[in-house]
Amino acid sequence: MENIYLDRNENNYGPAPACIEIARNASADLFYQYSTDYKKGIKSILSGRLSNEFNVPEKRVLLGYGAEDLLKQVVQCHLHNNKKLMIPSHSWWYYKEIANEVSGINIEYPLIEGDDSYYYDIEKLLEIYDRENPDIVFVSSPNNPTGNSISSNDLVKVLDKLKNSVVVLDEAYWLSNNNEQAANLVSTYPNLIIIRTFSKLYALAGIRIGYALVGENLSLLAKISNRYLGYNRISQKIAIAALDSPEYYVDIAYKMKSDRELYFNELNRLPGFKVYKSDANFVLVKVPKEIMPPMNNFLKEMGVIIKFMNEKLLNSHIRISLGTQEQNKKAIELIKKFVEQNNN
Ligand SMILES: Cc1ncc(COP(=O)(O)O)c(C=O)c1O
């Protein structure tokens, strides 16, 4: 029996068929020749394509080896010894790691637990910002692992005030088609960087491509980020095939919405469980702490791998990445079965 992995926030629906076709039909030149896209006055065919999609100048579209790489590029460019990075209290562990790598200081601003979701406390964020005067602020929307987003109004309120810092909006988990909003934001706010990836919605984590749209003050970052010999040619073609398959991904985003609802409705009924509303391809669930080790063993034995959280603020929680509809049903059935057996 093969394990079902629901612990890595991948997209088990898989990429659009057109992406696989590119890989199948790839010609040898894609492998042995460098790209010469610079002759067309662009970094790469993908940055050119994204520039058209978003209507943002190509020099302000950066590419990276996943969003991970772009986050690191920003931090390496703008955070040095003892400079401050402000991040959400509940966030991807990697944010702290990349600040530590350059001896930066991590400052946290709180995410608040509401009745059925986490939310950004804007007043608190701004208060801490004024006090700490950080060099970079990360906002993650939807946020990993809580799944909540920042509303457009709140985001604008924050961006209007955070004039002295570089602000990174990590949208790795965005699932909707809000390209126009992203383009408007980077044209309005010169210190803003919006980061996205092909890993999540597009189900292309293995090709390692992320991109950033950057405001006009970020020319040093844009310069340093540039790769003289170009970018991975086959990965770019696959990414473009994904951009050319909007219907496929609208359908996936739609399926994910009902997948989330299924988890929300089914697991919320279990004693001591609280499922948080999520806008991402995963759900965070609070569970009775004492059932975590036996539940972990049970699910592992059954071949379903989910994430058992073990962080300072989230240690009575599981995070389940959405699988295919069939995988989700199986995960839910097994969790219910475990709870039933455990209660008898
Ligand atoms: C919040 C967040 N941002 C960015 C990433 C990086 O994704 P990738 O490097 O695959 O593009 C992840 C990966 O899990 C993530 O959780």
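Values in this text are rule-based calculations from the coordinates and carry no lab data. Please read all numbers here as calculations on a predicted model, not as lab measurements. Note that we place each Cβ from the backbone using ideal geometry, even for glycine, and neighbour counts take in every protein chain shown.
With 23 Å as the cut-off, how large is the P(r) tail for the range 17-243, expressed as percent of Cα-Cα pairs?
Here the tail beyond 23 Å accounts for 47 percent of pairs.
Counting only residues 5 or more places away or on other chains, whose amide H sits under 5 Å from the amide H of Asp7 once H atoms are built in the peptide plane?
Long-range HN contacts for Asp7: Ser321.
Counting only Cα, what are the radius of gyration and maximum Cα-Cα distance Dmax of the range 1-67, in Å?
16.4, 51
Does the range 97-221 come out rounded, prolate or oblate by the C-alpha gyration tensor, with a ≥ b ≥ c the root eigenvalues, rounded set by a/c under 1.5 and, if not, prolate when a/b is larger than b/c and oblate if not?
Numbers: a/c = 1.32, a/b = 1.14, b/c = 1.16.
It is rounded, given that a/c, with a ≥ b ≥ c, falls under 1.5.
Note down the magnitude of the dipole of the chain about its Cα centre, charges +1 on Lys and Arg C-beta and -1 on Asp and Glu C-beta and zero elsewhere, to the nearest 20 debye.
So the magnitude is around 640 debye.
Could you calculate the contour length gain from Gln76 to Asp130, that is, 0.36 nm times the residue separation minus the distance between their Cα atoms, to one decimal place in nm?
Roughly 17.1 nm would be gained on extension.
Ignoring everything except DSSP H segments at least 4 long, calculate the 222 nm mean residue ellipticity for the chain; use -39,500 (n - 2.57) per segment, divide by total residues, nearest 500.
Details: 13 runs with 143 residues, N = 344.
Per the formula, -12500 deg cm²/dmol.
How large is ³J(HN,Hα) for each residue in the range 284-296, as worked out from phi by the Karplus curve 6.51 cos²θ - 1.76 cosθ + 1.60 (θ = phi - 60°), to whole Hz, x for Gly and Pro?
Coupling constants for the range 284-296: 9, 9, 8, 9, x, 4, 5, 8, 4, x, x, 5, 4 Hz.
Once Lys and Arg get +1 and Asp and Glu get -1 on their Cβ, which of Ser176, Tyr34, Asn296 lies farthest toward the positive end of the dipole of the chain?
Positive-most Cα among the choices belongs to Tyr34.
Fewest Cβ neighbours within 10 Å first, please rank Ile238, Ile224 accordingly. Spell out each step's value before the answer.
Numbers: Ile238 26, Ile224 11.
Arranged by neighbour count, lowest to highest, Ile238, Ile224 become Ile224, Ile238.
Scan the range 277-344 for GluC sites (Glu not before Pro) in coil per DSSP, keeping those whose Cβ has at most 14 other Cβ atoms within 10 Å, and list them by number.
The qualifying sites are Glu311.
Report, for the chain, the % of DSSP beta bridges that are antiparallel, rounded to 5.
Looking only at bridges with both residues in the chain, the antiparallel portion is about 50 percent.
Tell me which of His90, Ser149, Ile193 sits at the most positive position along the dipole axis of the chain, charges placed on C-beta atoms (Lys, Arg +1; Asp, Glu -1).
Positive-end residue among those listed: Ile193.
Identify the residues of the range 173-199 with backbone N under 16 Å of a label point that sits 7 angstrom from the Cα of Asp160 along the Cα-to-Cβ direction, or state none.
In the range 173-199, the label zone of Asp160 (backbone N under 16 Å from the point 7 Å along Cα→Cβ) covers 185, 188-190.
What spacing in nm lies between the two simple spin-label points modelled at Leu220 and Leu313, each 7 Å away from Cα in the Cβ direction?
About 3.0 nm separates the two model spin labels.
Subtract the Cα-Cα distance of Val250 and Tyr94 from 0.36 nm times their separation in residues, and report this length gain in nm to one decimal.
53.3 nm
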